[in-house]
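Peer 1: Quick one: the structure is below, questions incoming.
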Amino acid sequence: MKVNDAIEDDAGAEHCLFELAVQVQAAAALGWAGVTVSDAERRRRARQFADVVDGFATPVRPYLRAVLGRWRTDRFVRRQIRNARRHPADPPITPVQRVAAFTDSRGRRLPVTVAGTELHNLVRPTIAVAWFIPAAGAALAARPQWRERIAAGDRPAARAFAQEVRRLSPFVPVLVARARTRQDVLGLRVPRGGLVVLDVHGTTHDPHVWTHPDSFDPERLLHGVPEPDALIPQGGGSVESGHRCPGEEVVLGTLEVAIVALARRPELLPPPSPTGPAHYSTLRRVPPAVRARHHRRRSVGRVRRLLLPRTPRAEDGAACGS
């Protein structure tokens with residue numbers, strides 16, 4: 001199903017922009033993957049995939065919903081793999097057919113659980129783009145001149161707008177890695193088992209790099225990113241050797257499509273806020289102790305790494321992760 005078709009199907013219902021975005025992203029992702037389901041099941045699965053993402057780094061009820069959502073969506077994707085294997089295509093064309101046909105180094109088909117996880121890892125992150133779309137909608141509603149420019153077909157403007165949404169409202173405030181051996185990181189001694197934290201929010205709001213970093217200004221990105229490690233909403237470094245998401249360009253392209261669609265459908269936008277456009281803080285996703293530390297240590301350099309004490313929450317991924 002095409003994105004515009006999904007918008008037409010869901011726009012008439014009583015949806016907030018986030019719910020609409022979840023349904024549109026799910027329709028696009030499942031349709032692209034070659035997963036055929038009824039509209040009712042697609043809506044249900046979309047919400048379950050969204051629950052998986054929404055519970056990330058959020059304790060108690062959202063986390064429990066995420067566990068249940070993961071169990072349900074795992075069963076769903078495994079059923080798709082079994083169906084594809086019962087009716088194999090020669091050659092496999094769609095992503096679900098290709099994943100179902102994957103083999104290991106010995107030529108054996110992957111276990112259904114592993115193949116299902118691979119399919120899950122294609123669909124779930126695509127639906128997660130829905131978290132950027134309400135921020136984009138609020139920014140478009142507050143800036144009619146940019147909305148008109150994008151609606152008229154200015155693709156560089158749409159790209160700059162998408163980049164600024166990702167800069168101002170990154171999906172996570174921090175990214176964490178645990179040192180497997182004792183080592184030095186940028187001159188800091190890190191013990192074995194210590195945490196190295198990439199300050200995503202602080203880096204994308206660093207006043208040494210971004211003029212008026214708390215202001216939404218796509219103009220600053222019309223001619224590209226100032227440097228690779230200045231814009232890190234999906235990790236830093238290179239894809240090959242660093243901790244940058246390999247699907248970043250896909251996310252950016254998907255967000256661009258959504259921004260153009262919203263610019264051309266202003267009735268889908270939220271009303272402009274009388275106090276000015278808000279951006280969506282991600283700091284509430286982390287526990288209060290880490291959140292307070294993050295505020296105190298807000299970026300001084302371009303890429304801050306903070307060493308945090310070993311805690312149960314950090315160990316089980318509640319502080320950060322994806």
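Peer 1: Which one of these does PHE171 not meet: (1) more than 28 Å from GLN145 (Cα to Cα); (2) in a loop (DSSP other than H, G, I, E, B); (3) within 18 Å of the chain's Cα centre (by Cα)?
Peer 2: (1)
Peer 1: Say whether the condition of being over 24 Å from ALA26 (Cβ atoms) and hydroxyl-bearing (Ser, Thr, Tyr) is met by at least one residue in segment 105-128.
Peer 2: yes
Peer 1: Go through segment 129-159 and count every residue that is under 23 Å from HIS243 (Cα atoms), open to solvent by less than 20 Å² (accessible area, probe 1.4 Å) and assigned to a helix (DSSP H, G or I).
Peer 2: Residues in segment 129-159 being under 23 Å from HIS243 (Cα atoms), open to solvent by less than 20 Å² (accessible area, probe 1.4 Å) and assigned to a helix (DSSP H, G or I): 2 in total.
Peer 1: Please work out which one of (1) assigned to a strand (DSSP E or B); (2) closer than 30 Å to PRO270 by Cα is the condition ALA177 fails and give its number.
Peer 2: Here ALA177 meets the rest and fails (2).
Peer 1: Out of all the residues in segment 208-227, is one or more in contact (Cβ under 8 Å) with a residue 24 or more places away in the chain, within 21 Å of ALA128 (Cβ to Cβ), open to solvent by less than 40 Å² (accessible area, probe 1.4 Å) and not charged (D, E, K, R)?
Peer 2: no
Peer 1: What about ASP199, is it in contact (Cβ under 8 Å) with a residue 12 or more places away in the chain and either open to solvent by 20 Å² or more (accessible area, probe 1.4 Å) or polar (S, T, N, Q) (or both)?
Peer 2: It is false that ASP199 is in contact (Cβ under 8 Å) with a residue 12 or more places away in the chain and either open to solvent by 20 Å² or more (accessible area, probe 1.4 Å) or polar (S, T, N, Q) (or both).
Peer 1: Okay, next question. Among ILE93, ILE81, which is surrounded by fewer than 17 Cβ atoms within 10 Å (Cβ to Cβ) and either out of contact with any strand residue (DSSP E or B) (no Cβ under 9 Å at 6 or more places or on another chain) or closer than 19 Å to ARG42 by Cα (or both)?
Peer 2: Testing whether each residue is surrounded by fewer than 17 Cβ atoms within 10 Å (Cβ to Cβ) and either out of contact with any strand residue (DSSP E or B) (no Cβ under 9 Å at 6 or more places or on another chain) or closer than 19 Å to ARG42 by Cα (or both) leaves just ILE93.
Peer 1: Do we find a residue being over 29 Å from ASP54 (Cβ atoms), of a type in the set (A, V, I, L, M, F, W, C) and either in contact with a strand residue (DSSP E or B) (Cβ under 6 Å, 6 or more places away or on another chain) or not in a helix (DSSP H, G or I) (or both) anywhere in segment 224-240?
Peer 2: no
Peer 1: Are there any pairs, at least 6 apart or on different chains, whose C-beta atoms fall under 7 Å, with the first in segment 17-31 and assigned to a helix (DSSP H, G or I) and the second of a type in the set (Phe, Trp, Tyr) and open to solvent by less than 10 Å² (accessible area, probe 1.4 Å), and if so, which?
Peer 2: That search, which allows pairs on different chains as well, returns ALA26/PHE49.
Peer 1: Do we have ILE81 as over 22 Å from the mean Cα position of the chain (by Cα), of a type outside the set (S, T, N, Q), more than 30 Å from PRO170 (Cα to Cα) and modelled with pLDDT under 95 here?
Peer 2: Taking the combined requirement at face value, the residue does not satisfy it.
The values are calculated or read from the model by the stated rules, or taken from the named source; none is laboratory data. Here the structure is a predicted model, which means the values were calculated and not measured. Every residue, glycine among them, receives a Cβ derived from its backbone with ideal geometry; neighbour counts consider all protein chains shown. Note: accessible area is taken over every heavy atom of the protein model, side chains too, but ligands, DNA and RNA are not part of it. Shrake-Rupley method; radii C 1.70, N 1.55, O 1.52, S 1.80 Å.
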